[in-house]
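Inspection log for the structure reproduced underneath, given as structure tokens.
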Amino acid sequence: EGKAWEIEPQRSDKGDGPDSARTSFPRTQTRWTPKPCLPSPPSRPLRNSPHITSHEAAAAGIMTVLSRSLAQRGAIKGLSTLSRGGPARGARATRRRPVAARAAQGEDNFDFLSEFGILSLRLGTSVMMFHNGLDKLVDPEGFSTFVVAKYLDFLPEPLLWTYGAIAAELACPVLLALGVLARPSAAALLATMTFATIFHLNDTGLEGFPLAVVEKHQYGFETSALYAGIFFYFLLAGPGKLSLGGGKK
């Protein structure tokens, strides 16, 4: 025990039979020489172990850097907490962090002021657009005759298009204000405001836009164009997170 055996070849000048005289290569004989046995290195070398090689140290360093980078990006949430008390302690520390800290790390992108601004724009625009629908509902035949048939003569059945616009301007603002089916509602309202802009352009033209000062202090198409821009925004961005839809795209 404690010794390893190795074969040490040794040359011998003596022959080993009658054929030994006919060869120029003397045969060898073996002798067993005891050699002390070194302790085997551990299967998983420690960081400060003298048996770790430079390649293993470099690989361990690379893995440490990659693990820290992934942990900072959130790909491995519990990796950085294992050395500080285990995953349970790390999970509790994550829950205790304030909302601002989680938002700074990309875990929570909720911005109350921005979302409140989107909510205010959505509610205010919806209320005023609902009033436009009520105004058309008072006299749909007159609107059909003096607006649609006269300035939008490329549309067939002016009265049918009038009732379609009334329905869109009464139902879609309610859905948009609630944040339910916000994108389709914004698309329908965008269509009505596009036709309204075309009507005003056919009626008054550009009126020297954008530098002319007009008698009514605003261009005829200005209001409908602003409405169209707002609805185009909601069509692309959605209703925001302060809505019944929860900001679903």
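Descriptive notes on the structure:
- Of the residues Ser54, Ser120, Ser83, Ser126, the single one that is loosely packed, with under 13 Cβ neighbours inside 10 Å and at pLDDT 90 or above is Ser120.
- Tallying residues that are open to solvent by 80 Å² or more (accessible area, probe 1.4 Å) and in contact with a Pro (Cβ under 8 Å, 6 or more places away or on another chain) within the range 129-144 yields 0.
- Residue match in the range 153-173 (condition: closer than 23 Å to Phe221 by Cβ, open to solvent by 80 Å² or more (accessible area, probe 1.4 Å) and either of a type in the set (D, E, K, R) or out of contact with any Leu (no Cβ under 7 Å at 6 or more places or on another chain) (or both)): yes
- Restricting the range 98-117 to residues that are modelled with pLDDT under 90 and aromatic (Phe, Trp, Tyr) leaves a set whose member that is surrounded by the most Cβ atoms within 10 Å (Cβ to Cβ) is Phe110.
- Those helices (runs of 4 or more DSSP H) of the range 158-249 in which at least 2 residues are among the charged types (D, E, K, R), considering only elements entirely within it, cover 182-204.
Yes/no per residue for (1) within 17 Å of Asn132 (Cα to Cα); (2) surrounded by 19 or more Cβ atoms within 10 Å (Cβ to Cβ):
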residue	(1), (2)
Gly179	no, yes
Thr192	yes, yes
Pro210	no, no
Tyr219	no, yes
Glu222	yes, no
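- Within the range 194-208, the set of residues being open to solvent by less than 40 Å² (accessible area, probe 1.4 Å) and either within 30 Å of the chain's Cα centre (by Cα) or farther than 20 Å from Leu235 by Cα (or both) comprises Phe199, Gly205.
The values are calculated or read from the model by the stated rules, or taken from the named source; none is laboratory data. The structure displayed is predicted, hence computed values, not measured ones. Methodologically, a virtual Cβ is constructed for each residue, glycine included, from the backbone with ideal geometry; neighbour enumeration extends over all protein chains shown. SASA here: full protein model, heavy atoms, side chains in, ligands and nucleic acids out. Shrake-Rupley method; radii C 1.70, N 1.55, O 1.52, S 1.80 Å.
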